[in-house]
Structures are given as structure tokens and as C-alpha cells.
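The values are calculated or read from the model by the stated rules, or taken from the named source; none is laboratory data. Bear in mind the structure is a predicted one, so any value in this text is a computation, not a measurement. Don't worry about glycine lacking a Cβ; one is built from the backbone with ideal geometry, like all the others, and counts go over all protein chains shown.
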Amino acid sequence: MTKSHLLGLDIADKSAVAQLERADGSKCWRGLLSTDQVGWKHLEKTLAENEASFSELFVVIEATGVHHFAWAERLTRAGAEVYVLNPLLAARLESSANALRGHKTDHVDVAKLCEVGRLHTGQFGRFHYQSRPAQQGLKQLDHARGRLRQTLTNLKKSVKSHLGLVFPALLRAKIGTDTARAAAILAKAPTAGAWRALPEPERKKLAGAKQADLDQACAETLADEALAQACVPAVRALLAAQRDIAVKLHECEAVIQARLPQQRVALIASLPGFGGRTAAVMSTYLPPTFEGWGTRKKIAARLQAMFGFDPRLRQSGNWIGHVKISRRGIRTARTALFQAAFCSLGVDEENTGYYKRLREIEKKDHKEAMVDLMRKQLRRLVAVLSNDRPFQPRPSLPRDSATLRRMRPPAPQSSTAA
């Protein structure tokens, strides 16, 4: 390694274990830092005492949720060369000093980070930390959007479960639980008894074409009116929470749309199968540039691994396992790519023909064919972003056999000696 010193950091919520080594592997210092300005001053003092400058410092940090970001940003601004390793990778690159004992402590972890950094420096290029506040903010917004969506889904399930006790007739009439009509009915009549007490014109106005179905369901219900009335406040509380979360989700999606690079989103959306939502997700998690990533084939392979649908093979001796996708990557982006690939089957003749060939000729099952189609979509995406031009479909080839025969080059004539 070209740096004079190496620093390993294992960061938690309120403390960080650090180890400082020289390039030859000799240990200078190991200790505990607080994750605040006091801890940073302590690190600066330790580096000065060991004649180590930030510009000559090679830092290896184990990714720990969001706790490592503040240190990575501060060290990068100070001039250090910072690399952030996935905990899974750090665990697999076992330290030789701990290979037999297998201890798991913070002090062992930082020693392993230093050793891994010293031995595998040349292979750490893709883990080099780059300060991208705008993209990280988009990722956090997308994470928040996912949490809000999950919470809203759980609330809808909970409302439906409570309605099974309070107003099961509403479910039997198939009016739904999150429509404007259902909300209006529950605001006026949250139980079967309250619904029957409403005058005919008002029931007709609230239920519309579903009035007869709801009247019949209320007449046949076994729900106890006293118990249903006692549980109405719970349903109303859940409905109010559902409305609030829906508003917050809409606001979050609006903020995401405002912060996205619109030109890039438009390029991705030009691909068949990609819509506004999937294009936004891909733009959020793709790196701003592919500079230094190699050829387009290598870029697609690295993105495939980053999204977690690269093939994983397990075999030992005569035993060979099934090839499956790794599922170790950005799940949100993988899901968006799958949705785009699936949607492209209805709008893109080339992808449809490719899928049919995989299924009918190569005899692959649906999941295998979809993974291949996702890979095809990813290669298209890389090409569109690399060329900085919208997707242009290939010209359709003639389908009839007569035209194909005319296009086929003539067979070479063999010359024989007389």
C-alpha cells in the first residue's frame, strides 16, 4: 500500500473502536473513541502523536447502518482515503491471527479490518467512499417512502380485520375499506344497525349501485350491535391514522420527484416496461456515473451483483446445487427491475419473443426466464445511460418465410475440376 498508516474503525451508536497501524503491520495504537467532537479531537491527537497525517491515512470502516456516515464524511473531507466494507465481506475475509479461535469482539474486528486493508488494498476500488449527499438523501427518502407504504398496508389490513367484528356486512358487499364510498358510509353508519336506521334516500346516496348488496348483507349479518358499537372508536382511530399516513406518503413521493434528476429519469423511462415509479427508483440507486467501471458488459455485471440477482452456485465434490440468485443487494432496485421486465412483456415485441424462446425452446421455467429478462433490461439501461440518448427499438424483422428466404444470402457454389 502507498499510504504510511492504516486506520480500522468499527463504529457503533455512541462509541467507536479504532486501531492505528503502520504500513508494515506494526500496531501504533488501539482504543475507544466517542462518536462526537471529543472523539474526533482524540483521533487527531493520536494521529499527531504517531506522526500520521490524514493525507497519508488509509481508512477501512465496517458499514454499520447509518453510524459510519458521519465518520466517513469527516475523514474524507480531512484528506484521508476512506473505504467502507460490507459486514458480510469483512466477516468472510478472516484475519489470520483469529482464524482458529474465531473470537467476535470489537477489538478483534478492528484488527481484522486493518489486516484486510493491508492485504487486499488493490482490490478495494469499488468500496472507495465518495461523498454524495444528494444521492444519499434520495436513498433515505426512498427508505422513508417504503416504511410509510408498509405502515399504510398494515393499517389497511388492521382496518379490514376490525371491520370483521364491527361491520362485516361492508366487507361482504365488496365495497372495500379504502375507497371514498366506504369512508362516507363508515362516517355516517359504522355498524349494520346504524345502516338500517338510515332513511332509504340517504342509503341510496351513500352506497349507490351497491345499496341492495349492502342492505342484504346487513339483514343476514350475525354481528352483535352492542359489541359493534363498543368497537367503533377503534375502527375510526385506525381510519384516521390511515388517512394521515396516506397524506404523508403522498408528500414524501412529491419530495422525491422534485429532487430526482429529471433528464436521467426520462432516459430510463424511455425503456419499454419502465414507468415513472420504477424509473425513479433506478435513478435513486444507480451511481451518478459509470466512469472507471470498465466496459458496458462489466458495468451490467457489477450492477447485477449490486442489485442482488447475480447467479449463486453451490457445489462440493459430486454434489451440485441449484443455481439461484444471491438476493444480497438493493432489494428495492431489484424489485423495480423485475416489475419493469414483467411490464415489458406486454409492450415490447423483442422482449416478448425473447421470453417465449427461453420458455419454449430452452425450456426454462418462469423465474429463470424473468431473471434473464431482467439482465436484458439492465443491459439496455446501461446502454441508454452511457449513450445519453433515449431508447430506440430495433426495426422489426419480417415474419413470413418467403421474405426471409429472399433475405438469405445465396449458398456458395462449389467449383469442381473438369
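Of the residues 281, 255, which is surrounded by 18 or more Cβ atoms within 10 Å (Cβ to Cβ) and under 21 Å from residue 133 (Cβ atoms)?
One residue alone meets the criteria, 281.
Select, from 289, 284, the only residue that is under 18 Å from residue 389 (Cβ atoms) and β-branched (Val, Ile, Thr).
On inspection, the qualifying residue turns out to be 289.
With respect to residue 356, is the statement that it is farther than 19 Å from residue 139 by Cα, assigned to a helix (DSSP H, G or I) and more than 15 Å from the chain's Cα centre (by Cα) true?
Answer is yes for this residue.
Conditions: (1) over 34 Å from the mean Cα position of the chain (by Cα); (2) part of a helix (DSSP H, G or I). Residue 145 meets all but one. Number of the miss?
(1)
Residue by residue through segment 26-62, note down the ones that are under 20 Å from residue 117 (Cα atoms), of a type outside the set (Phe, Trp, Tyr) and touching a helix residue (DSSP H, G or I) at 6+ places or on another chain (Cβ under 6 Å).
59, 60, 61, 62
Step by step: first the residues of segment 209-239, then only those that are closer than 30 Å to residue 140 by Cβ and in contact with a helix residue (DSSP H, G or I) (Cβ under 8 Å, 6 or more places away or on another chain), then the one that is surrounded by the most Cβ atoms within 10 Å (Cβ to Cβ). Which residue is that?
Per the stated criteria, the residue is 239.
Residues to consider are 151, 191; find the one that is among the β-branched types (Val, Ile, Thr), surrounded by 13 or more Cβ atoms within 10 Å (Cβ to Cβ) and under 29 Å from the mean Cα position of the chain (by Cα).
None of the other options fit; the residue is 151.
Inspect segment 148-168 for any residue being without any contact (Cβ under 8 Å) to a residue 24 or more places away in the chain, among the aliphatic types (A, V, I, L, M) and over 30 Å from residue 329 (Cα atoms) and give the result as yes or no.
no
What's the number of the only condition in (1) more than 31 Å from the chain's Cα centre (by Cα); (2) in a helix (DSSP H, G or I); (3) of a type in the set (A, V, I, L, M, F, W, C) that residue 71 fails to meet?
Here residue 71 clears every test but (1).
For segment 34-57, state whether one or more residues are closer than 17 Å to residue 111 by Cα, part of a loop (DSSP other than H, G, I, E, B) and touching a residue at least 40 places away in the same chain (Cβ under 8 Å).
no
With respect to the numbered conditions (1) free of Cβ contacts under 8 Å to residues at least 60 places away in the same chain; (2) more than 18 Å from the chain's Cα centre (by Cα), which one is the sole condition not fulfilled by residue 245?
Looking at each condition in turn, residue 245 falls short on (1).
Results for (1) touching a residue at least 40 places away in the same chain (Cβ under 8 Å); (2) in contact with a Leu (Cβ under 9 Å, 6 or more places away or on another chain); (3) closer than 25 Å to residue 365 by Cβ; (4) surrounded by fewer than 18 Cβ atoms within 10 Å (Cβ to Cβ), shown as yes or no for each residue.
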| residue | (1), (2), (3), (4) |
| --- | --- |
| 241 | yes, yes, no, yes |
| 251 | no, no, no, yes |
| 261 | no, no, no, yes |
| 294 | no, no, no, yes |
| 300 | yes, yes, yes, no |
| 328 | yes, yes, yes, yes |
| 333 | yes, yes, yes, no |
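For segment 312-326, give me each residue that is surrounded by 12 or more Cβ atoms within 10 Å (Cβ to Cβ) and either of a type outside the set (D, E, K, R) or in contact with a His (Cβ under 8 Å, 6 or more places away or on another chain) (or both).
If the condition is that a residue be surrounded by 12 or more Cβ atoms within 10 Å (Cβ to Cβ) and either of a type outside the set (D, E, K, R) or in contact with a His (Cβ under 8 Å, 6 or more places away or on another chain) (or both), then 323, 325, 326 are the ones that fit.
Say we look at segment 36-63 and pick out the residues that are β-branched (Val, Ile, Thr) and buried (at least 17 other Cβ atoms within 10 Å of the Cβ); which of these is nearest to the chain's Cα centre (by Cα)?
Looking at residues that are β-branched (Val, Ile, Thr) and buried (at least 17 other Cβ atoms within 10 Å of the Cβ), I get 61.
Please enumerate the residues belonging to segment 335-373 that are of a type in the set (Gly, Ala, Ser) and loosely packed, with under 15 Cβ neighbours inside 10 Å.
Hits for segment 335-373 are 346, 353.
Can we say residue 197 is among the aliphatic types (A, V, I, L, M) and in contact (Cβ under 8 Å) with a residue 24 or more places away in the chain?
no
Might you check whether a residue that is at pLDDT below 90, closer than 17 Å to residue 373 by Cα and touching a strand residue (DSSP E or B) at 6+ places or on another chain (Cβ under 8 Å) occurs anywhere in segment 293-314?
yes
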